Amino acid sequence: MKLILKGTVQGVGFRPTVYRVAKEIGLNGYVKNKGGEVEIVIDGDEDLFLKELREGLPPLAEIEEVEKYEEEVYRDDFEIVGSSSGEKESSTIPVDTALCDDCLEEMRNEGDRREGYAFTNCTNCGARYSAIYGLPYDREKTTMAEYGMCEDCLKEYEDPADRRFHAQTISCPRCGPQYTLYDDNEDEIGGIGEFCELMEEGEIAVAKSWGGMHIACRLESIPELREKYSREQKPFAIMVPDLETARKLAHVEREDVFTGPRRPIMIFDKKDNQKELLDLAAPGLPTVGMMLPYTGLHHLIFERLDLEALVMTSANLPGEPMIIRDERAFDLDLDYFLLHDRKIANRIDDSLIRSHGEDMAIIRRSRGYVPEYLEFEDENVMGAGADKSGCIALSKDGRLYPSQYLGDLTSYEAKSFYEDTFEYLTSILGIDDITTIGIDLHPKYQSRDLGLKYAEEFDAEVVEIQHHWAHGASLLLEHDLDQIICIGVDGTGYGEDGNSWGGEVLYCTKKEYERMYHLEDFPLLGGDQAVKNPKRLVYAIEKKLDRESELFEKEKARVFEKMLSDAPVTSSYGRLLDAVSCSLDACCKRTYEGEPAMKLETLLYEGSIEKEYDVPISGSEIKTLGSFIEMRKDRLRKKDKAASYVSSVSKSIAEAALKAAEEKGIESIGISGGVSYNRPIVETIRRYLDERGHDLLVHEKVPNGDMGIPVGQAVIALNR
C-alpha cells in the first residue's frame with residue numbers, strides 16, 4: 001500500500017516518526033520526501049499504521065490529507081530513502097519555533113557537548129522558514145548546507161531512535177555556526193560572554209537572530225538609544241526571561257500563546273507599580289510589548305545576566321526593513337555587533353499580537369505564523385496588499401498564503417524585499433500561473449504598481465478593490481460567511497469618491513459592497529501634513545463648524561483658512577482620534593505611525609464615562625463634529641472627556657451597524673481596520689451590540705490592520 005501524506009510533514013521530525021512507528025508494528029517498506037508531501041509504502045494494515053502515527057506525531061507536525069494507492073512492497077525491512085524533487089503544489093513549509101525544553105536542558109547541562117551552544121536545535125524546534133531556500137526540505141537547501149556534520153552529529157542524524165534523526169539544521173560547537181562580537185571598526189573583540197558584559201554595563205549593541213537582527217540594551221539605556229536611533233517616542237519591545245517576570249511587570253493574557261512555540265511579542269497592560277520603568281520602553285502608553293526568549297542566544301543571555309528585561313527591537317535603518325546581512329549592520333550608528341556566520345534565507349520579524357481578553361488580534365504576522373495558510377478556493381490569485389504594512393497573499397491548490405511583514409513600501413529596500421518575497425513564494429509553492437490580481441484603489445500605492453507589474457508578467461486580470469471592502473472580505477474568509485456588515489475603522493483608505501475613508505459601515509459580499517454609513521467628513525489640512533501635525537485636524541474641524549480658533553498665529557491661520565477649500569476630506573475614525581488626542585494634549589506631534597491615537601488610549605483606560613454626547617445619525621452620516629466641539633469646551637477632567645466622547649462615537653457607529661444589518665436582513669456584524677486594535681473602542685461596540693442580541697465578529701487569524709488587506713483582495717479577486 002502506498003500512502004501520500006500532505007500537511008506539515010517536512011522539517012518537523014515526520015519521517016523519523018514514520019520510521020519508528022513502522023518498525024514498532026513490524027512493517028516493511030520505505031518513507032521519503034516528495035516535494036511538499038511524504039510518500040510511504042508499507043506491507044501491512046494501513047489503518048493501524050495511520051492510527052499509531054497520528055498518536056505519535058511530533059509537536060509541530062500535522063496530517064491534513066491522506067491518499068491511498070495499491071502498491072506491492074519488495075523490501076524485507078523499513079527505511080528512509082532519499083528525497084525526490086516531486087511536485088510543489090502541496091508544500092507546507094514549517095514555521096520557526098522556539099527552542100524546545102529538551103534542547104534547552106542540553107544547553108544547561110554541565111558537560112553536555114552542546115552546553116552553552118546557541119545553535120542547539122532538533123526536529124521539534126528551531127529556525128525553519130528563515131533557514132529554507134527551497135523544497136524538499138533537506139540540508140543542502142538550507143542555510144546549514146555549508147556546515148558539514150561532525151561524527152557525533154552525523155551519528156544522531158542517522159539514528160532512528162534519536163530526536164535529531166534527519167533533523168536538517170542540527171550542529172554542535174565542533175561543526176556549526178558561531179557567534180562573534182565586533183566593535184564599530186569591524187574588529188573581533190569576543191563572543192557571547194563579552195556581549196553580556198556590555199549589556200550589564202549599559203551598552204547598546206546589535207544581536208543577530210534567526211530571521212534578522214535586534215538592537216539590544218538594558219531598559220535604563222533607552223534614553224541613549226532613543227538619541228542614537230532617532231526614535232524619540234516609538235515604543236520598543238522588551239524581552240523578559242520567564243513568565244513569572246512578565247506577570248510581575250504586566251497583566252499577562254493568553255499565556256498559552258505567550259509561552260507557546262510561536263513566541264510572539266504580545267502587548268500587555270502595564271502594572272501600575274511598574275509604569276515608571278516600563279514607560280522608558282513605551283512612553284505615554286498604557287501597554288508594553290513583551291516577549292519570552294526563543295533562541296539559544298536569548299536563553300544564554302538571561303542565564304548570564306541578572307536582569308528583568310532587555311530591549312529587543314528590530315534593527316533597521318530609518319524606513320527600511322530589518323537588517324539581515326552582516327555588512328549592513330555596521331551602517332547603524334552603534335558600537336558593538338554580536339553576529340553569527342550563518343546566512344538568513346528569509347527575513348522574518350517578530351510577530352506582534354494584542355489580546356482582548358480571550359480574543360487575539362494579530363498586528364504583525366511574521367515569525368511563528370508564516371508561512372501558514374488559510375483554506376481557500378482552488379485557483380491561483382494574488383492580493384497585492386497596501387503600503388504602510390506591506391504584505392502579499394498568493395493562493396495555490398485551495399490554500400491562501402499571506403507573506404510575512406514586508407515593511408513600508410515607500411522605502412526602496414522594502415520594495416525590493418516585496419519582490420524577493422514574491423519570487424521566493426511563487427518558486428517554493430510551484431506557482432507558474434496567476435489568473436487574477438487584486439490591487440488597492442489608491443493611485444499612489446507602490447503595492448498597486450507592483451500588482452500591475454505582475455499582472456502584465458502573468459497576463460492576469462486586474463481587479464481594483466476599495467480598501468475597506470478588502471477588510472470586510474477578510475472577515476468573510478476568516479468566518480466562512482457570504483455577507484457581513486463590516487465596521488471598517490482605520491487611519492486612511494482611498495475611497496471611490498477620491499477622499500480618505502476610515503470610519504465606515506459597509507455591507508460586504510465577495511462580489512460587491514455598499515457604503516451604508518460613515519463618520520462625518522472633515523478637511524485634511526495639507527493632506528499628509530495634517531497626519532503628522534494633528535493640531536491641523538483640530539483647526540480644520542473648528543473652521544468647518546465656523547468656530548473661532550486660536551491654535552495658530554494669525555498669519556499662519558490666514559494661510560490655512562485659504563487652504564481649507566481645496567483640502568481633501570476624511571471620514572477616518574483614526575484621524576478623529578488623532579484630533580481628540582491633540583485637543584486633550586495627549587499628543588500633538590506624530591513621531592511614529594498611530595502615535596496620537598495610541599497615546600489617547602491611556603486617557604480612555606483611566607477615564608470614566610461621565611456624559612453621553614449626542615452623536616446623531618443623519619442620512620448616511622454619523623455626526624461627530626458638533627459633539628467634538630462640545631467635548632473640548634466641557635469642564636470634565638481630560639481623561640473623562642476622552643472616555644465619554646469616544647464611547648459616544650463608538651456607540652453611534654455600533655448603532656449604524658445595527659441599522660445596516662436590519663436594512664440588509666442579516667445577523668453578522670464584524671469589525672476590522674487599525675482602530676479595531678483599540679481595546680476600549682472594541683469593548684464599547686461589543687457591549688452595545690451584545691445588549692441588542694448581536695455578536696461582534698473579530699479577527700484572530702488575519703491581521704486587523706493593513707496586513708489583512710491582501711487576504712481580502714484575494715477573496716474578491718477570486719470572486720470577481
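Bear in mind these aren't lab numbers, they're just calculated from the coordinates by the rules spelled out. Every value quoted in this text rests on a predicted model; they were computed, and no experiment measured them. A quick note on method: Cβ atoms are made from the backbone with ideal geometry, for glycine too, and the neighbour counts reach across all protein chains shown.
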### Message
Applying a 10 Å radius around every beta-carbon, put 412-422, 479-489 in order of their mean neighbour count, most first.
### Response
479-489, 412-422
### Loop-resident sites, region 149-245, for GluC sites (Glu not before Pro), counting at most 13 other Cβ within 10 Å (DSSP)
Glu186, Glu201, Glu232
### Summary
Shape call for region 1-85, from the Cα gyration tensor axes a ≥ b ≥ c (a/c under 1.5 means rounded, otherwise prolate when a/b beats b/c, else oblate), comes out rounded
### Task
Provide the net charge surrounding Leu441, with neighbours chosen by a C-beta distance below 10 Å and charges set as Lys +1, Arg +1, Asp -1, Glu -1.
-2
### Task
Kindly express, to the nearest 10 degrees and within the range 0 to 90, the angle between helix 14-25's C-alpha long axis and the longest C-alpha principal axis of the chain.
50 degrees
### Message
Longer than 26 Å from Cα to Cα, which of Lys228/Lys271; Lys275/Lys535; Lys543/Lys638; Lys228/Lys388 are they? Say none if no pair is.
### Response
Lys228/Lys271; Lys275/Lys535
### Query
Expressed in nm to one decimal, what extension gain is obtained for the pair Tyr133 and Lys633 from 0.36 nm per residue of sequence separation less their Cα-Cα distance?
173.9 nm
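Per DSSP H run of at least 4 residues, take -39500 (n - 2.57); add these up for the chain, divide by its residues and hand me the 222 nm value, nearest 500 deg cm²/dmol.
When only DSSP H runs of four or more count, the value is -9500 deg cm²/dmol.
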### Query
Binned at 5 Å from 0, what are the whole-percent values of the Cα-Cα distance distribution for region 179-353, short to long?
1, 8, 19, 22, 22, 16, 8, 3, 0
### Summary
Debye calc, one equal point scatterer per Cα of region 483-697, no solvent, log10 I(q)/I(0) at q = 0.09 1/Å comes to -0.33
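Determine, from the Cβ-Cβ distance of Ser608 and Asp585 and an R0 of 25 Å, the FRET efficiency 1/(1 + (r/R0)^6), rounded to the nearest 0.05.
Taking R0 as 25 Å, the efficiency between Ser608 and Asp585 is 0.85.
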### Task
Determine, for Ser672, Ser395, the number of other Cβ atoms within 10 Å of each Cβ, and report the residues in order from fewest to most.
Ser395, Ser672
### Query
Which shape class applies to region 441-491: rounded if a/c is under 1.5, otherwise prolate when a/b exceeds b/c and oblate if not, where a ≥ b ≥ c are the square roots of the Cα gyration tensor eigenvalues?
oblate
#### Entry: Burial order of peptide ranges 159-169, 572-582, 650-660 (average beta-carbon count within 10 Å, highest first)
572-582, 650-660, 159-169
## Note on the structure
Descending packing, highest mean Cβ count within 10 Å first, for 172-179, 260-267, 278-285 is 260-267, 278-285, 172-179
#### Entry: Kirkwood-type radius of region 87-185, with distances r between different C-alpha atoms, in Å
14.5 Å
### Task
Mind running the shape call on region 447-533? Use the C-alpha gyration tensor, a ≥ b ≥ c as the square roots of the eigenvalues: rounded below 1.5 for a/c, prolate if a/b tops b/c, oblate otherwise.
oblate
